[in-house]
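Take a look at the structure below.
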Amino acid sequence: MPRPTLLCLHGFLGFATDWQPVQQHLKEWGNCLTPDLPGHGATPLLPGQQSYASWTAWLAQWLQARTTERVILVGYSLGGRVALAFAAAYPQRVQALALLSAHPGLESPSARAQRARADAQRAAQIRQQGLRSFLERWYRLPLFALEGQPEVRAALVASRQRQDPAAMARVVEEMSPGRQPPLWGALAALQVPLLYLAGARDGKYRRVAARVAQHVPGGRVCILSGVGHMVLWQAGGQVGENLKKWLDFS
């Protein structure tokens with residue numbers, strides 16, 4: 001019997017290698033596919049790849065070249081938003097869905113417009129001041145809960161500044177949550193097992209987790225202690241353990 005396949009999508013500024021701690025927990029359970037998303041790592045960001053629809057089409061083609069089986073789809077942050085969009089567009093390819101610190105979409109048009117403006121300003125900052133300056137500010141946002149952890153912040157900046165600045169400017173603007181179609185209805189309609197993980201120090205995504213639990217009564221929600229938004233970076237082992245427990249009983 002073929003081993004199950006997990007398709008794991010990293011977040012904004014991340015790399016496929018971010019999943020290595022998780023893979024250590026799942027290597028005996030199944031096969032993990034971990035692409036670099038467009039604009040990240042070794043994957044170029046093409047001129048037409050500037051929407052959630054174009055990224056999901058790219059992912060469908062990438063996956064088809066590697067397997068025709070249904071996959072267990074796992075996505076962190078931006079990768080989670082893309083994972084949900086993919087599951088909504090290609091439900092026949094998805095066996096189960098796990099979202100880590102990922103938002104199903106802002107429902108208010110004014111909230112989306114406000115976020116799109118903020119991310120356009122962030123793109124301008126990268127273009128005008130460089131990626132390192134952006135990263136130094138980005139990882140001081142309360143979302144990441146890194147106060148008092150300068151070594152973690154320094155490691156993140158050192159890793160993420162290897163990305164291409166022009167590509168990151170495009171991604172932060174073009175794949176902004178402000179440009180994400182709201183997918184709460186699609187999330188509730190999915191007929192697959194669902195896991196949602198968030199960090200205990202990430203108030204925004206704890207609230208999202210509570211809403212997910214209401215929208216998907218059969219889904220499972222896990223809150224990881226001691227971390228903020230960076231669950232994949234700071235708690236990869238916990239993520240792997242929770243994924244394995246969920247997969248064993250799904």
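Once you put a point 7 Å from the Cα of Ala89 and another 7 Å from the Cα of Thr68, both along the Cβ direction, what distance in nm separates them? Each label point lies 7 Å from its Cα, and together they span 2.2 nm. Note on Lys27: lysines with a C-alpha under 17 Å away, same-chain residues under 8 apart excluded, are Lys244, Lys245. Hey, quick one: spin label on Lys244, modelled 7 Å out along Cα-Cβ, who in the stretch 53-79 has an amide N within reach, i.e. under 19 Å? The answer is 72-75, whose backbone nitrogens lie closer than 19 Å to the label point. Counted without the sites themselves, the longest stretch of the chain free of trypsin sites (Lys or Arg not before Pro) in a DSSP loop having at most 13 other beta carbon atoms within 10 Å is 163-250.
Relative contact order, percent, of the stretch 1-90 when contacts are C-alpha pairs under 8 Å separated by at least 6 residues?
Taking the mean separation of contacting Cα pairs over the length of the stretch 1-90, I get 39 percent.
In this label model, Ala113 and Ala166 are separated by 3.2 nm, measuring between points 7 Å along each Cα→Cβ vector.
Between Gln214 and Gln129, the FRET efficiency estimated from the beta carbon spacing at R0 = 51 angstrom works out to 0.80. With contributions of -39500 (n - 2.57) from each DSSP H run of at least four residues, the per-residue ellipticity at 222 nm computed over the chain stands at -14500 deg cm²/dmol. Across the chain, the relative contact order, built from alpha-carbon pairs under 8 Å that are at least six residues apart, equals 22 percent. Let a ≥ b ≥ c be the square roots of the eigenvalues of the Cα gyration tensor of the chain; is it rounded (a/c under 1.5), or, if not, prolate (a/b larger than b/c) or oblate? Rounded, because the longest to shortest axis ratio a/c is under 1.5. Under the simplified labelling scheme, the Ala154-Ser225 pair shows an inter-label distance of 2.9 nm, with each label point 7 Å from Cα along Cα→Cβ.
Annotation: amide H-H contacts under 5 Å for Val94 (H modelled 1.01 Å from N, sequence separation of 5 or more, or interchain): Val71.
Using only alpha-carbon positions in the stretch 110-170, the gyration tensor eigenvalues give semi-axes of 21, 16, 8 Å once each is multiplied by 5 and square-rooted (largest first).
FYI, it's all coordinate maths here, none of it is from the lab. Since we're looking at a predicted model, the values are computed, not measured. Glycine gets a Cβ as well: all are built from the backbone with ideal geometry, and neighbour counts include every protein chain shown.
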